[in-house]
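This report refers to the structure that appears directly beneath it.
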Amino acid sequence: MRRGKRRPAAFFGGPHALHRPGADVLSVQGVTVRYGPHLALEAVSFTVRRGEQIAIVGPNGAGKSTLLKVIAGVIPPDEGVVQVYGDEPDRHVCIAYVPQRSAVDWRFPITVYDVVMMGRLRKHGLFRPPRHEDRLKVEAALATVDMVSMARRQIGQLSGGQQQRMFIARALAQEASLMLMDEPLTGLDLPAQEQILRILDELRKAEVTVLLSTHDLEQAADRFDRLLLLRRRLIAFGRAEEVLRPDLLLEAYGGRLRLVPMADRVLAVADSCCGHGETEVDR
Amino acid sequence: MSAWLLEPLRYAFMQRGFLAALMVGIVCAVVGTYVVLRGMAFFGDALAHSILPGIAVGYLVGGGDRGVLFWWSLGTAIVAALGIGALSRRTQVKEDTAIGIIFAGAFALGIALISTVRSYSVDLAHFLFGDVLGVSPADLRLMALFGAAILFVVFFAYDAFLVVSFDPVFARTLRLPVGFFDSLLLMLIAVAIVVSLQTVGVALMVAMLITPAATAYLLTRRLLAMMGVAALLASLAGVIGLYLSYYFSVASGAAIVLVSTFFFGLAALFAPERGWLAARRRRPSAHT
């Protein structure tokens, strides 16, 4: 992984950037990311308003994860600028990144409670133990995702939906105002998906801005304010009816999407969720 | 029975041996917990072997003086740890291949250097397999000092090491200096290896790092508990190993490692959740 420029002041976190009044929650301008000779993102630009919930859709290898990581400040863009509340993302600790479930080792000797407490690390300090307030926040976060009874479990004993909710609880404990979720719904059964969508409704009330990548176009259309259709470039960004047009979908998915005409609209079924052997890298 | 247990303790060199085995066991087990969880066993093995040229130079320069040897080993270990760490981040060949080439080359250089001295077969054996019964009071003091330093760092950086090891991407969103903690961990491993050098030697070092920690991994479900159990098992293996060594004239380093390996075997079979039997019970055969 490439390494970004680090200011010495931010070595142990430093004082993190203040939110500039009037600045967009998120502004992405002309962002290009290369992995060696391969273009992962090309000149992507968009802005997001406070409290919006955005679904990022596109085929495998479209750069969804890369985009989320650039916004999280984990991957520095090769070109272009990302600003969160008017500053570079790596000066903020108010951004929560919710990883794909495959990103961690589930056999790691750690309990649900410990993972959620990680979200408080910045608040109680790197070299200090958690305070009473931190424990309260962790318990509140666990309650929001309905995981209180699982707090003492080793993380490998959780179901997929519970694993995902644990990560969301960690983001809640972090008290982030911008949450980036990398395919939290993929591979979950419908009740588990519904539970997570209900948590998103709670976040909407709290005016937390959410960017979420998903393969489910219909869910994206039903549950999110705007859709961002990505295939290395930004194909379209807007409300569902503006984005889920057959021509745009064809451009994004090529032949890997079946378009099913319905009475009032075109239903798109993405095949890419199970697609293997893609040439593009989605990381 | 008690006479049997107390008999070796009459000798000062055995007392020092027991103390050394205990300290090394605890320090290696704690650091080894991270080695196991981060899948760095091969790195640990390579690092231990890569120190040999440093030991050889220290040996040639100091004429057998233990203090000189210790500082040369420490310097080499830290340079090797950071070097291998940097190497594994950017190479043209695969990471394990690169590490393998460097470590075998360094090891060969060490052997070549030591072989220029006449009595080399005896001394080489000490470096390769350890000489816990030859530990001097001065050695013990150095081991205690650096062992305590390692535990001190782990205590203070516990949370940071936990996050960086479990979810490095998340650690970066917390704006933690992940690279710094990774390097710090490499240095801790390097120091732990140097501290343990006299007890088990370079050839069996990796066992001190990973075997007790891996055993504890099978038995626990929290990092702190894993460290505690690993330290306990390592101490026990050190003590039992030394008794075996005393009464059966087995090489001490080998005896300690064998006891440790035996513990791992027991845990692998009988661990309540992660053992082989528990796994069998959870998945009854299709016939039933």
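The table that follows gives values for the structure above.
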| item | result |
| --- | --- |
| Per-residue ³J(HN,Hα) for the stretch B:190-197, Karplus 6.51 cos²θ - 1.76 cosθ + 1.60, θ = phi - 60°, Hz, x for Gly and Pro | 4, 5, 4, 5, 5, 4, 8, 3 |
| Convex hull per residue volume in Å³, alpha carbons only, for the protein assembly as shown | 194 |
| Calculated FRET efficiency for the pair residue A:19/residue A:127, C-beta based, R₀ 35 Å, to 0.05 | 0.85 |
| Per-q log10 I(q)/I(0), the stretch B:2-283, q = 0.15 Å⁻¹ (Debye; single scatterer per alpha-carbon; no solvent) | -1.15 |
| Average other protein chain Cβ within 10 Å of Cβ, residues B:222-234 | 2 |
| Rough spin-label spacing in nm, given labels placed 7 Å along Cα→Cβ, for residue B:269 and residue A:146 | 4.5 |
| Nonlocal amide H pairs with residue A:75, under 5 Å, H built at 1.01 Å | A:70 |
| Eligible aspartates and glutamates near residue A:123 by straight Cα distance, threshold 16 Å, same-chain separation 8 or greater | A:114, A:133, A:134, A:139, A:175, B:159 |
| Extended-chain gain in nm, criterion 0.36 nm per residue less alpha-carbon gap, residue B:71 and residue B:279 | 70.2 nm |
| Per-peptide average of other Cβ atoms within 10 Å, ordering B:43-52, B:130-139 highest first | B:43-52, B:130-139 |
| C-alpha center-to-center spacing [the stretch B:78-105, the stretch A:84-100] in angstrom | 33 |
| Three-way shape label, the stretch B:34-122, alpha-carbon gyration tensor, a/c 1.5 | prolate |
| Averaged over B:159-166, number of beta-carbon atoms from partner chains that fall within 10 Å | 5 |
| Extended-chain gain in nm, criterion 0.36 nm per residue less alpha-carbon gap, residue A:245 and residue A:136 | 34.6 nm |
| Sequence-separation-based contact order of chain B, relative, with Cα cut under 8 Å and 6+ spacing, percent | 29 |
| In Hz, Karplus ³J(HN,Hα) per residue of the stretch A:135-147 (6.51, -1.76, 1.60; θ = phi - 60°; x = Gly, Pro) | 4, 4, 5, 5, 5, 5, 5, 5, 5, 4, 9, 6, 10 |
| Total charge dipole magnitude, chain B, about the Cα centre, Cβ charges on Lys, Arg, Asp, Glu only, Debye to nearest 20 | 760 |
| Shielding by partners, peptide A:117-129 (average Cβ within 10 angstrom, other chains) | 4 |
| Residue A:218 versus residue B:7: modelled label distance in nm, points set 7 Å from Cα along the beta carbon direction | 8.0 |
| Under-5 Å amide H pairs with residue A:56, H placed in peptide plane, nonlocal only | A:212, A:213, A:214, A:228 |
| Packing-based ranking, highest mean first, of A:213-225, B:78-90, A:61-73 given that Cβ atoms within 10 Å are counted | A:61-73, A:213-225, B:78-90 |
| Rounded D (µm²/s) - the stretch A:75-173, Kirkwood Rh over Cα pairs, Stokes-Einstein at 25 °C, 0.890 mPa s | 167 |
| Sequence ranges B:175-188, B:157-170, B:229-242, ranked by mean other-Cβ count within 10 angstrom, highest first | B:229-242, B:157-170, B:175-188 |
| Karplus 3J(HN,Hα) series, Hz, for the stretch B:177-187 with 6.51 cos²θ - 1.76 cosθ + 1.60 (x for Gly, Pro) | x, 4, x, 4, 5, 4, 5, 4, 5, 4, 5 |
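A short reminder: the numbers here are calculations on the coordinates, not readings from a lab. Predicted model, so just to flag it, every value in this text is computed and none were measured. No Cβ is skipped: glycine too gets one built from the backbone with ideal geometry, and neighbour counts run over all protein chains shown.
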